[in-house]
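To keep things clear, I will list the structure first and then write my remarks on it.
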Amino acid sequence: MITYDDEVVCAPRAGTLYDVLELILDRGMVIDVFARVSLVGIEILKVDARIVVASVDTYLRFAEACNRLDLEHDTRTKTVPELFGGPLAKTVGKAGAKRATRSLTDKVRDILSPEEHEHAHEQEYENEGRDGPEPDRPRHRPSAERGLRHRRDDDRPRARRRANPEE
Amino acid sequence: MPATEVTSDTLYVYGIVPDGIRPPRTAGVAGAPVRLLSGAGLRAAVSDAPAHVRARRRDLMAHQEVLRELAAQGPVLPMRFGALSPDADTLRARLRADAAHLGAQLDGVRDCLEMNVKGTVVPGYFATLVRRDDRLRTLARRTRHRPDYEANVRLGEALARGVRREARRAAQEVLARLTPGTVRTAPGPTDDEQVLNASFLLRTADEERFRQAVAEQAAGYGDRLALSVTGPLPCYSFVAPRPAADGR
């Protein structure tokens with residue numbers, strides 16, 4: 001599987017608090033004489049997330065994945081999970097359970113690149129660690145960035161899973 | 001927005017409901033009990049504001065939960081997270097001054113709920129694109145035979161652009177199919193990855209039908225566009241943020 005979400009891609013995912021953060025923070029009524037808490041940190045997060053998506057890094061991961069496609073034969077016989085090595089699919093259940101206890105902090109961190117933005121996400125989501133199981137827990141956002149990274153981290157050794165007639 | 005100076009009079013405001021609604025049992029922001037403040041035939045759900053209100057997960061959820069409990073009883077005008085009234089008198093004065101506007105807004109969302117649908121690019125669709133598109137397949141072949149950094153970036157960019165384009169096209173079609181039968185729609189911000197983001201105002205009775213419609217779209221377009229549906233929500237996207245400017 002490329003991403004966690006590909007597994008359920010043909011059924012809509014039930015959204016979480018994270019999915020509607022923008023509604024809670026940016027919509028709803030405002031009354032002029034009221035003050036409003038500062039949400040500066042969150043605005044920074046949104047911008048950062050956007051920049052990461054269209055990165056050279058993402059392109060290289062696409063290219064790498066594409067270079068493992070069988071271009072000369074009927075690729076229809078290969079499914080996407082196979083192209084990406086497969087084992088991640090097996091880990092999804094476990095990962096899902098772990099995810100249940102993840103906080104919004106982690107969720108937001110996920111959509112940022114791990115290296116460059118360590119400082120940014122601490123600002124407003126501080127100390128919101130493990131509150132225990134929540135009815136509205138954050139889950140993964142399907143992401144080219146994240147999805148392809150998954151594959152790379154988790155199952156690189158399984159690249160030659162099936163015999164490739166080309167090689 | 002003015003800098004927040006919280007005093008012991010400061011109230012955190014969740015939303016506005018008509019008279020006759022009971023206070024929610026759910027604890028509010030920072031665990032404070034939520035009460036209703038009456039004025040001009042309306043009630044505002046409030047709690048004592050904590051010294052520092054910040055957009056923390058626990059408090060975002062409390063805000064949301066309070067509104068959800070109120071919405072179960074009748075129409076609610078949700079406030080944006082983090083609204084603070086300096087004191088109860090200011091809030092009552094505001095209810096009186098805006099009563100007509102607020103009443104009309106309440107009528108607009110009566111027996112309605114908000115559902116939010118998002119769609120993100122499915123990167124795995126690139127394999128289908130390469131299979132289908134001669135130009136991409138040629139590019140992929142050439143890159144494989146002469147692999148270098150530049151070629152890989154070019155190929156990857158073409159693939160990323162391709163899956164995004166297909167997802168955007170699917171998003172347009174999904175939106176067109178979900179809109180009929182809803183009361184109103186409100187588009188939300190999209191980006192290169194999240195290409196569909198729309199809120200729908202529905203009659204409460206239509207929730208199941210709407211979910212079914214989303215499921216059908218997911219089955220049809222799921223290879224290109226991963227859909228998620230969130231709701232029922234308080235009608236955040238279907239209240240006018242502020243009363244029309246009239247010199248107040």
*Check B:Leu60, B:Leu67, B:Leu36 and return the single one that is open to solvent by less than 20 Å² (accessible area, probe 1.4 Å) and in contact with a strand residue (DSSP E or B) (Cβ under 7 Å, 6 or more places away or on another chain).*
B:Leu67
*Scan the range B:7-20 for residues that are assigned to a loop (DSSP other than H, G, I, E, B), touching a Leu at 6+ places or on another chain (Cβ under 9 Å) and open to solvent by 10 Å² or more (accessible area, probe 1.4 Å) and jot them down.*
B:Asp19
*Restricting attention to the range B:131-140, which residues are surrounded by 14 or more Cβ atoms within 10 Å (Cβ to Cβ) and either part of a helix (DSSP H, G or I) or facing chain A (nearest Cβ under 10 Å) (or both)?*
B:Arg131, B:Leu136, B:Arg137, B:Leu139, B:Ala140
*Give me the pairs, please: first residue somewhere in the range B:29-47 and within 12 Å of B:Tyr14 (Cα to Cα), second residue anywhere and surrounded by fewer than 16 Cβ atoms within 10 Å (Cβ to Cβ) and of a type in the set (Asp, Glu), beta-carbon distance under 9 Å, and either six or more positions apart or on two chains.*
B:Arg43/B:Asp19
*Restricting attention to the range B:22-29, does a residue exist that is under 24 Å from A:Leu25 (Cβ atoms), part of a helix (DSSP H, G or I), aliphatic (A, V, I, L, M) and within 23 Å of the chain's Cα centre (by Cα)?*
yes
*asked:* Among the residues of the range B:30-64, what is the count of those that are more than 10 Å from chain A (Cβ to nearest Cβ) and either under 20 Å from the mean Cα position of the chain (by Cα) or part of a helix (DSSP H, G or I) (or both)?
replied: 3
*Are any of the residues in the range B:209-221 under 17 Å from B:Arg168 (Cβ atoms) and out of contact with any helix residue (DSSP H, G or I) (no Cβ under 7 Å at 6 or more places or on another chain)?*
yes
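The values are calculated or read from the model by the stated rules, or taken from the named source; none is laboratory data. What you are looking at is a predicted structure, and each value in this text was computed from that prediction instead of being measured. Positions of Cβ are generated from backbone atoms using ideal geometry, with glycine treated the same way; all protein chains shown enter the neighbour counts. Note: areas computed on protein heavy atoms with side chains; ligands, DNA, RNA excluded. Shrake-Rupley method; radii C 1.70, N 1.55, O 1.52, S 1.80 Å.
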